[in-house]
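Notes follow the structure.
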Amino acid sequence: MESQRTSRGVAVVTGGSAGLGRAIVRELASRGWDVGVLARGHDGLAATTAEVQSVGQRAMWLSVDVADADAVDVAADTVEAELGPIDLWVNNAMSGTIAEFLDTLSADFDRATAVTYLGIVNGTRAALRRMVPRNRGHVIQIGSALSHRGIPLQAAYCGAKHAVHGFTDAVVSELTHNRSAVAVSLVDMPALNTPQFTWVKSNFAAHPQPVAPIFQPEVGARAVADVADTPRRRTWVGESTVGTILGARFAGRFLDWYLARNAYEGQLAADRQDAMEGPNLYEPVAGDHGAHGVFGDIARGGSLQTWGIRHRRALTTAGVSAALAVVAGGVSAVGRMRR
């Protein structure tokens, strides 16, 4: 007799056909989620859906430009008609450029903002329109260390990610005011080894690269799935993200100097001979690009900080136990001294 298929629920992942989004889809499917995958490129969408189905979960894909609010809303209707009510929505789609602000075409800046910021606005609206009346559901926004501290050559992306934080705070305060049970989480990412850096629109001859240290996308995907398991308002992924955020809060002037001195070269890999593709700013790059970029030789597969977040309950229990043992030992020592 065929075993019954089980599901954690229905998830939607935007930008789910490549990079971090692809890794998130894989991780959610491995934990029992059925997944609706939203992106533009048909090849990557079909391959991603096949991966979900290969582990026994239901999946469907829709070619959608997240900058189109009506198209995103129609996609949400289609997912619910095919897979059922959406329980989890992950806003991951992004785009950007590598260029100084004054060298960035206004159309390119607007497009990067429309995808990276308004794409999250559109996804959040589509999700909440369905979740709020049911009084259940969870929206996860993919943020960035650069949501807290902008860097040169990525003004459009940094501005959009900053906007995501302000927008999300406003939405959360409204949900709280209305006593809604719908959760909204922000997960801020470090630099990741994704295909983005082979198809980003760049003004430079040298191959673009993420600012080191670079992590494999699975590090971020596991963090997102952990937040889906146990909703948390904010999560910082990776030691470098923690350092950037704290540095922006307490050492802003130093970071101004440091980034002006180092961040240009840090985003350009003069020794890389890998061919660029795209750009994908306005149209998807044909083919299935998977989750990984070309920096696997220097990308980290894990993070002690994210491991600590995942095991925080056990670590807290161990810490409390150790503290109690110290106290008990101290009390015992005092008792012996009084005899």
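Taking 0.36 nm per residue of separation and subtracting the Cα-Cα distance, what length does fully extending residue 298 through residue 74 add? Intermediate results must be reported in sequence, preceding the final value.
Values: separation 224, 0.36 × 224 = 80.64 nm, distance 4.06 nm.
Taking 0.36 nm per residue and subtracting the Cα distance, the gain is 76.6 nm.
Below 12 angstrom from the Cβ of residue 137, what's the summed charge of the other residues (Lys, Arg +1; Asp, Glu -1)?
Values: positive: 129, 130, 134, 136; negative: 80, 87.
Spelling it out: positives minus negatives among the neighbours equals +2.
Taking square-rooted eigenvalues a ≥ b ≥ c of the alpha carbon gyration tensor, is region 181-285 rounded, prolate or oblate, where a/c under 1.5 means rounded and, failing that, a/b exceeding b/c means prolate?
Oblate.
Largest first, please: the extent of the C-alpha atoms of region 6-103 along each principal axis, to the nearest Å.
53, 26, 22
Keeping the other protein chains in place, figure out the carbon and sulfur percent of the accessible area of region 1-129, with a 1.4 Å probe.
Percent of accessible area from carbon and sulfur atoms in region 1-129: 52.
If each DSSP helix of 4+ residues adds -39,500 (n - 2.57) and the sum is divided by the residues in the chain, what number results at 222 nm, nearest 500 deg cm²/dmol? Provide the component values of the computation, followed by the final result.
Details: 12 runs with 165 residues, N = 339.
Using -39500 (n - 2.57) per qualifying helix, the result is -15500 deg cm²/dmol.
With viscosity set to 1.567 mPa s at 4 °C, what whole-number translational diffusion coefficient in µm²/s follows for region 250-289 from Stokes-Einstein and a Kirkwood radius over Cα pairs?
It diffuses with D of about 97 µm²/s by this estimate.
Just reorder 289, 42, 207 by solvent-accessible area, largest first, 1.4 Å probe, all chains present.
42, 289, 207
For region 1-105, what is the accessible area per residue in Å², given a 1.4 Å probe and the full set of protein chains?
41
Any idea of residue 309's accessible area? Nearest 10 Å², probe 1.4 Å.
About 40 Å², rounded to the nearest 10.
Give the Cα extents of region 207-252 along the principal axes, in whole Å, largest first.
If we take the Cα atoms of region 207-252, the spans are 33, 32, 13 Å.
Of 259, 186, 28, which is the most mobile in a GNM of the chain whose springs link Cα atoms less than 10 angstrom apart?
259
Roughly how many debye, to the nearest 20, is the charge dipole of the chain about its Cα centre, given +1 on each Lys and Arg Cβ, -1 on each Asp and Glu Cβ, and no other charges? Mind dumping the intermediate values first?
Values: 32 positive and 32 negative charges, 453 e Å.
Its charge dipole is roughly 2180 debye.
Looking at the chain as a GNM with Cα springs under 10 Å, which of 114, 270, 11 has the largest mean-square fluctuation?
Taking springs between Cα atoms under 10 Å, the residue moving most is 270.
Once R0 is set to 22 Å, what does the formula 1/(1 + (r/R0)^6) return for the Cβ-Cβ distance between residue 246 and residue 173, expressed as a FRET efficiency to the nearest 0.05?
0.35
When a/c is below 1.5 the answer is rounded, else prolate if a/b is larger than b/c, else oblate, so apply that to region 81-170 with a ≥ b ≥ c taken from the square roots of the Cα gyration tensor eigenvalues.
Note, shape of region 81-170 comes out prolate.
Under a GNM of the chain (C-alpha, springs under 10 Å), which listed residue has the highest mean-square fluctuation: 58, 261, 233?
Checking each option, the largest mean-square fluctuation is seen for 261.
Equivalent ellipsoid semi-axes for region 161-206, as square roots of 5 times the alpha carbon gyration tensor eigenvalues: give them largest first, rounded to whole Å.
Details: eigenvalues 245, 27, 11 Å².
Equivalent-ellipsoid dimensions as semi-axes: 35, 12, 7 Å.
Once you have the Cα-Cα distance between residue 258 and residue 273, take 0.36 nm times their residue separation minus that, and quote the gain in nm to one decimal.
Full-extension gain reported as 2.7 nm.
For the chain, just run the numbers: alpha carbon Rg, then divide by 2.2 N^0.38 Å, N being how many residues it has.
On the way: Rg = 21.7 Å, N = 339, 2.2 N^0.38 = 20.1 Å.
Normalised by 2.2 N^0.38 Å, the Cα Rg of the chain equals 1.08.
Taking +1 at the Cβ of each Lys and Arg and -1 at the Cβ of each Asp and Glu, which of 289, 137, 159 sits farthest along the dipole of the chain towards its positive end, judged by Cα position relative to the Cα centre?
Value computed over the given set: 137.
What is the sum of charges around residue 222, taking Lys and Arg as +1, Asp and Glu as -1, for the other residues whose C-beta is under 9 Å from the C-beta of residue 222?
My count for the surroundings of residue 222 gives -2.
For the chain, give the share of DSSP beta bridges that are antiparallel, in percent and rounded to the nearest 5; count only bridges with both residues there.
Of the beta bridges lying entirely in the chain, close to 5 percent run antiparallel.
The values are calculated or read from the model by the stated rules, or taken from the named source; none is laboratory data. Because the structure is predicted, anything quoted here is derived from the model rather than measured. In this analysis, Cβ positions are derived from the backbone assuming ideal geometry, glycine residues included, and neighbour counts consider all displayed protein chains. These area figures cover heavy atoms from the full protein model, side chains too; ligands, DNA and RNA do not enter into them. Shrake-Rupley method; radii C 1.70, N 1.55, O 1.52, S 1.80 Å.
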